[in-house]
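Data first, discussion second: the structure below is written as structure tokens.
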Amino acid sequence: MSVTMVMTAAEMQAEGGREKWLELRKQGLGGSDAGVVIGLNPWKSKFQLWMEKTGQADFEPSPESLERMEWGNRLEPVVADWFEAATGKKLRRCGMIRSNEHPWMFADVDRLVVGENAIVEIKTTSMYNRAEWEDDKVPPSYVAQAAHYMGTGGYDKCYFVCLLGGQQAVIREMERDDEEIAALIETEQDFWENYVEPKKLPEVDGSEQCSKLLDKMNPGGEK
């Protein structure tokens with residue numbers, strides 16, 4: 001898989017890096033978008049994603065979401081260090097890459113595994129969500145995210161490490177599945193090329209997120 005580095009790890013960490021990262025994300029689909037496109041993300045609808053990618057709306061995260069993201073970012077290096085100690089594997093940062101075959105596919109992986117064609121995705125969540133990680137499970141939206149990354153960068157494996165409630169960490173492994181990746185890319189390509197690029201409205205769904213968006217777009221009117 002041929003890729004282009006569009007933003008190095010150092011640039012992402014530098015001042016102004018997040019703003020550049022956000023601008024790049026508008027040019028295609030990232031890993032967190034994959035679950036939305038195939039309907040596995042419980043927090044965002046495909047309609048909302050379409051509005052964002054076509055530049056028709058820019059939805060600000062709630063204060064609660066911003067706080068969760070801040071703590072997730074602060075804890076990421078701590079969890080990465082724990083993973084290295086627990087597994088003996090060495091990690092390094094990557095940066096943002098773009099697929100040359102599908103230029104609308106971006107990958108911003110948390111870490112690369114030195115000596116392996118593998119990535120590591122670092123997650124933090126409440127202990128209330130512990131059941132989602134029991135019995136070697138991984139939340140479906142994260143499975144889609146990893147498949148997107150492996151499809152973009154040609155990686156063979158993804159390790160997930162999740163810190164539960166700040167007091168328990170679990171490691172899960174996901175091998176590359178070419179059929180699954182091909183199906184995901186086909187669905188993402190349809191969404192990007194047939195709806196985002198021509199700004200063609202996708203089918204409006206019955207999700208709560210979609211209803212809220214319609215209310216914002218048409219206050220006091222009929223849906």
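The values are calculated or read from the model by the stated rules, or taken from the named source; none is laboratory data. If you're wondering where the values come from, they're calculated on a predicted model, not measured in any experiment. Note that we place each Cβ from the backbone using ideal geometry, even for glycine, and neighbour counts take in every protein chain shown. Accessible surface is based on the protein model in full, side chains and every heavy atom, while ligands, DNA and RNA are left aside. Shrake-Rupley method; radii C 1.70, N 1.55, O 1.52, S 1.80 Å.
Note that segment 1-127 presents 53 Å² accessible area per residue, ligands and nucleic acids not counted, probe 1.4 Å.
Using the Cβ of VAL114 as centre and a radius below 13 Å, the other residues enclosed give a net charge of +3, where K and R count +1 and D and E count -1. With springs only between Cα atoms under 10 Å, which of PRO63, PRO77, PRO103 fluctuates most in a Gaussian network model of the chain? Most flexible of the set in this elastic network: PRO63. Computed over segment 48-154, the P(r) curve from all C-alpha pair distances, binned at 5 Å from the origin, holds 2, 10, 14, 19, 24, 17, 9, 4, 1, 0 percent per bin.
Pairs of Cα atoms nearer than 8 Å and 6+ residues apart set the relative contact order; for segment 12-85 it is 17 percent. Which pairs, out of LYS26/LYS89; LYS44/LYS90; LYS26/LYS137; LYS26/LYS200; LYS90/LYS123; LYS123/LYS199, put more than 23 Å between their alpha-carbon atoms? Going by Cα-Cα distance, LYS26/LYS89; LYS44/LYS90; LYS26/LYS137; LYS123/LYS199 fall outside the 23 Å limit. The MET5 and GLU64 beta-carbon pair, evaluated with R₀ = 35 Å, returns a calculated FRET efficiency of approximately 0.55.
For segment 1-94, the alpha carbon convex hull comes to 159 Å³ per residue, rounded to a whole number. Using a Gaussian network model of the chain in which every pair of alpha carbons under 10 angstrom is joined by a spring, one finds that among GLY16, GLY31, GLY39 the greatest mean-square fluctuation is at GLY16.
As a ratio to 2.2 N^0.38 Å, the alpha-carbon radius of gyration computed for segment 108-203 takes the value 1.24. Kirkwood-type hydrodynamic radius, the chain: 18.5 Å, calculated from all non-identical alpha-carbon pairs.
Which of the trypsin sites (Lys or Arg not before Pro) found in segment 1-58 are in a DSSP loop and have at most 15 neighbouring Cβ atoms, other than their own, within 10 Å? Here the trypsin sites (Lys or Arg not before Pro) that fit, given the DSSP loop and packing criteria, are LYS26.
Under a 5 Å amide H cut-off, with hydrogens placed 1.01 Å from N, PHE160 pairs with GLU121, ARG172, GLU173, MET174 among residues at least 5 apart or on other chains.
Between ALA118, ALA183, ALA147, find the one with the highest GNM mean-square fluctuation for the chain; connect C-alpha pairs within less than 10 Å. Result: ALA183 has the largest fluctuation of those listed. When only Cα pairs below 8 angstrom with a gap of at least 6 residues are kept, the chain shows a relative contact order of 25 percent.
When exposed loop sites are taken as chymotrypsin sites (Phe, Trp or Tyr not before Pro) in a DSSP loop with at most 15 other Cβ atoms within 10 Å, the longest stretch of the chain clear of them is 60-223.
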